[in-house]
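The values are calculated or read from the model by the stated rules, or taken from the named source; none is laboratory data. Here the structure is a predicted model, which means the values were calculated and not measured. Counting neighbours? That spans all protein chains shown, and the Cβs are built from the backbone with ideal geometry, glycine included.
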Amino acid sequence: MPLVVVGKVKSTKDPQGLGRVQVELQGYEKRVDIPWIRIAGCYASAGNGAVLLPEKDDEVLVLKGDGENSEQMMCLGSVYNGKRKPPSDNADGENNVKQLKTRAGNTVTIVDKSGEESISIATPNNTLHIQLDQKSGQITITGKDKVVVSCPSGEVSVECQNAKVSASAEVKISGGASVSVEAAQIALTGNVSIG
């Protein structure tokens, strides 16, 4: 048997919770199933690291160890093929887009193209989105129903040259003890009710 063989993931439900996978080896006359084998990851330590298991039916490379002992075998990682293609195709050949996309469509995208550098985190269909754009110097946070900033026992501070708050319906400001507004000039317009 070659040192490195191709397999297909049959299960990721490791009965011992060790992050292993069960693999069926391919390229043999008869089906060859091997017990649970470990995955070679980029970061694996005691109670911390990167958890990026291949999906069921993904094609993987399996490193054989000493003889047929499955304890010495290791999954080196998964590979793309004609049926299971990458989320981005590098069509221009410049390799400017790095992407991590999950089965459900949660996505982290890093664009390294000169002058267009950006980082984005998005849920499926871009419903919820955080965008860091180097060119515009802008950070955009997009929510669907609500965006919450919470610091129950601390302080939230916003510092900038100009600040603007607008709402299509209503703006509410409340303070448990007091509300202070200080400026060289304060202008109130509209149908104002104070009291």
**Message:** If the requirement is being of a type in the set (D, E, K, R) and closer than 29 Å to residue 5 by Cβ, which of these qualifies: 64, 113?
**Reply:** 64
**Any pair with Cβ under 6 angstrom, 6 or more apart, that starts in region 13-39 at a residue that is within 17 Å of residue 76 (Cβ to Cβ) and ends at one that is assigned to a loop (DSSP other than H, G, I, E, B)** = 20/14; 21/12; 36/14; 36/20; 37/20; 37/73; 38/20
**Request:** Answer yes if at least one residue in region 123-130 is of a type in the set (A, V, I, L, M, F, W, C), surrounded by 14 or more Cβ atoms within 10 Å (Cβ to Cβ) and within 11 Å of the chain's Cα centre (by Cα), and no otherwise.
**Result:** no
**Request:** Report yes if residue 62 is outside any loop (DSSP other than H, G, I, E, B) and either touching a residue at least 12 places away in the same chain (Cβ under 8 Å) or assigned by TED's automatic domain parsing to the domain that holds residue 114 (or both), otherwise no.
**Result:** yes
**Asked** Counting only residues that are over 20 Å from residue 139 (Cβ atoms) and either touching a Ser or Thr at 6+ places or on another chain (Cβ under 9 Å) or of a type in the set (Lys, Arg) (or both), how many does region 160-177 have?
**Response** 1
**Message:** I'm checking my understanding of the structure. Among residues of region 49-73 that are of a type in the set (A, V, I, L, M, F, W, C) and within 17 Å of residue 11 (Cβ to Cβ), which one is surrounded by the most Cβ atoms within 10 Å (Cβ to Cβ)?
**Reply:** 62
**Asked** Can you spot a residue in region 118-140 that is within 30 Å of residue 53 (Cα to Cα), in contact with a helix residue (DSSP H, G or I) (Cβ under 7 Å, 6 or more places away or on another chain), free of Cβ contacts under 8 Å to residues at least 24 places away in the same chain and outside any strand (DSSP E or B)?
**Response** no
**Prompt:** In this structure, does residue 144 turn out to be in contact (Cβ under 8 Å) with a residue 12 or more places away in the chain, exposed (fewer than 10 other Cβ atoms within 10 Å of the Cβ) and touching a Ser or Thr at 6+ places or on another chain (Cβ under 6 Å)?
**Reply:** yes
